[in-house]
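The values are calculated or read from the model by the stated rules, or taken from the named source; none is laboratory data. These numbers come from a predicted model, not from an experiment. Heads up, the Cβs are rebuilt from the backbone with ideal geometry, glycines too, and the neighbour counts pull from every protein chain shown.
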Amino acid sequence: MDQYTNEVKQWLNERFRATTSDGYFYAHQNIYGFKSPYAEPGIALRYVIMYNVLKALSHLRFDTLLDVGCAEGYMTAVIRQFFNAQVQGTDLSEEACTRAREIFQVPADPVDAVQLPYADEAFDVVLSSETLEHIPNYDEAFRELLRVARRAVVITVPQDPPQLVADNIRRQVPHAHVHAFTLDSFRDLIPSAYAVQAWGLYSGILRLPYRLVEGRPISLEFRGQYEQLLLKALNPVITFADKVMNEGALKTLLKLDDWLAKRLPTQRQLIFVILKDPTGWVEPAAAVNVDELLAFQVPLHPLSDPSQAIAPKP
């Protein structure tokens, strides 16, 4: 493991020990439900990604699934519930794997994605959501995902502006996005015998409505003078919207996002389904139950040995 990966691992371990000042685990994912202040900002985006992962998986037939980069296990546990599948998680961080086991009873191994300790075709489906953009040699990790998958690989990544990625690299931001992906990104790495389904999500047109649903003010950090002035005017509107924008608004935006993804190239996120068996893409038995997704949550999780890096109290 190189120095950069070791530094990222240390950063992740500190992150997944972080608590609020009242001692509860400060979640990375939406484990506590819609609009919980005990989770990081970005809850609307995470629901959009989770919804699209479930939509992709509904087209596949599988009994086993490996989640590479599982964080605290939320996505892995949701998939287990929706599809009654046998799941396994991995993450670079030992602390993330500990949280996955504690909170969701998801088996999780602390391993590097570029060298997975599993046999060829060990899992029907392999998932890697919001992970490859963090890995400098992501092509090695991609080949490992293909190797251990029997039927399909599902990947989500952001579609970041190249200048943002270049700035992350220049400033050496820990655990930052260090690749800029497009819908053609993996074409050269995918064997010609495999089929690919890919689409965009999280339309830029809906970025402000999603912000209003989330209801959290936008940080002024790293903003220019004029952008700060605009955000100072916008943030009170976002705070007010928090009182009126509920789960129904998010469900409406999810449907609209689906419609936009098929018609306009305005996506800010991408999803890929690589099929080892080109006939493996089937019509789903039912649509994704968004109400069930929004209802999935766990009680606040206390940590007996919290990190020194305390997150802001909700």
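Any residue that is assigned to a loop (DSSP other than H, G, I, E, B), in contact (Cβ under 8 Å) with a residue 24 or more places away in the chain, among the polar types (S, T, N, Q) and out of contact with any Pro (no Cβ under 8 Å at 6 or more places or on another chain) - is there at least one of those in the range 298-306?
no
Which residue pairs have Cβ atoms closer than 8 Å, lie 6 or more positions apart in sequence or on different chains, and pair a first residue in the range 1-19 that is in contact (Cβ under 8 Å) with a residue 12 or more places away in the chain with a second residue that is part of a helix (DSSP H, G or I) and polar (S, T, N, Q)?
Listed by first residue and then by second, the contacts come to Phe16/Thr98.
Based on this model, can you work out whether Asn6 counts as touching a Ser or Thr at 6+ places or on another chain (Cβ under 7 Å), among the polar types (S, T, N, Q), outside any loop (DSSP other than H, G, I, E, B) and surrounded by fewer than 22 Cβ atoms within 10 Å (Cβ to Cβ)?
no
Is it the case, given these coordinates, that Ser93 is of a type outside the set (A, V, I, L, M) and in contact with a Gly (Cβ under 6 Å, 6 or more places away or on another chain)? Outline the logic, then answer.
On the way: of a type outside the set (A, V, I, L, M): yes; in contact with a Gly (Cβ under 6 Å, 6 or more places away or on another chain): no.
Here the answer is no, as Ser93 does not meet what is asked.
Which of the following residues is of a type in the set (Val, Ile, Thr) and either surrounded by fewer than 14 Cβ atoms within 10 Å (Cβ to Cβ) or part of a helix (DSSP H, G or I) (or both): Val213, Val196, Val178?
The conditions single out Val213.
Being outside any helix (DSSP H, G or I) and at pLDDT below 95, is that true of even one residue in the range 42-61?
Looking for residues that are outside any helix (DSSP H, G or I) and at pLDDT below 95, one finds at least one in the range 42-61, hence yes.
In the range 125-149, which residue that is under 19 Å from Tyr74 (Cβ atoms) and of a type outside the set (D, E, K, R) is surrounded by the most Cβ atoms within 10 Å (Cβ to Cβ)? Don't jump to the end; show me each part of the working.
Narrowing the range 125-149 to residues under 19 Å from Tyr74 (Cβ atoms): 125-134.
Those still in the list that are of a type outside the set (D, E, K, R) too: 125-129, 131-132, 134.
On the way: Val125: 26, Val126: 30, Leu127: 27, Ser128: 25, Ser129: 23, Thr131: 23, Leu132: 26, His134: 22.
Once the filter is applied, the top-ranked residue is Val126.
Taking the criterion of being in contact with a strand residue (DSSP E or B) (Cβ under 7 Å, 6 or more places away or on another chain) and either of a type in the set (Gly, Ala, Ser) or over 16 Å from Gln105 (Cα atoms) (or both), would at least one residue in the range 74-84 satisfy it?
Initially, the range 74-84 is screened for residues in contact with a strand residue (DSSP E or B) (Cβ under 7 Å, 6 or more places away or on another chain), giving 75-76, 79-80.
Among the residues that remain, those that are also either of a type in the set (Gly, Ala, Ser) or over 16 Å from Gln105 (Cα atoms) (or both) are: none.
Scanning the range 74-84, I find no residue that is in contact with a strand residue (DSSP E or B) (Cβ under 7 Å, 6 or more places away or on another chain) and either of a type in the set (Gly, Ala, Ser) or over 16 Å from Gln105 (Cα atoms) (or both), so the answer is no.
Within the range 10-32, how many residues are part of a loop (DSSP other than H, G, I, E, B) and β-branched (Val, Ile, Thr)?
Residues that pass the stated criteria total 2.
Scanning for something over 25 Å from Trp199 (Cα atoms) and either in contact with a strand residue (DSSP E or B) (Cβ under 9 Å, 6 or more places away or on another chain) or of a type outside the set (S, T, N, Q) (or both), does the range 56-68 turn up at least one residue?
No, the range 56-68 contains no residue that is over 25 Å from Trp199 (Cα atoms) and either in contact with a strand residue (DSSP E or B) (Cβ under 9 Å, 6 or more places away or on another chain) or of a type outside the set (S, T, N, Q) (or both).
So if I check each of Ala113, Ala122, Ala108, Ala152, which one is surrounded by 15 or more Cβ atoms within 10 Å (Cβ to Cβ), closer than 17 Å to Val8 by Cβ and among the hydrophobic types (A, V, I, L, M, F, W, C)? Show your work before the answer.
Details: Ala122 fails: closer than 17 Å to Val8 by Cβ; Ala108 fails: closer than 17 Å to Val8 by Cβ; Ala152 fails: closer than 17 Å to Val8 by Cβ.
The match here is Ala113.
Does Asn30 satisfy being closer than 19 Å to Leu132 by Cα, touching a residue at least 40 places away in the same chain (Cβ under 8 Å) and within 13 Å of the chain's Cα centre (by Cα)?
So Asn30 fails the test.
All but one of (1) in contact (Cβ under 8 Å) with a residue 40 or more places away in the chain; (2) out of contact with any strand residue (DSSP E or B) (no Cβ under 8 Å at 6 or more places or on another chain); (3) farther than 21 Å from Tyr194 by Cα hold for Asn168; state the number of the condition that does not hold.
So Asn168 meets the others, but not (1).
Could you list, in sequence order, the residues of the range 244-264 that are in a loop (DSSP other than H, G, I, E, B) and modelled with pLDDT of 90 or more?
Within the range 244-264, Asn246, Arg263, Leu264 meet the criteria.
Glu7 - would you say it is more than 14 Å from the chain's Cα centre (by Cα) and modelled with pLDDT under 95?
Judged against the criteria, Glu7 is a match.
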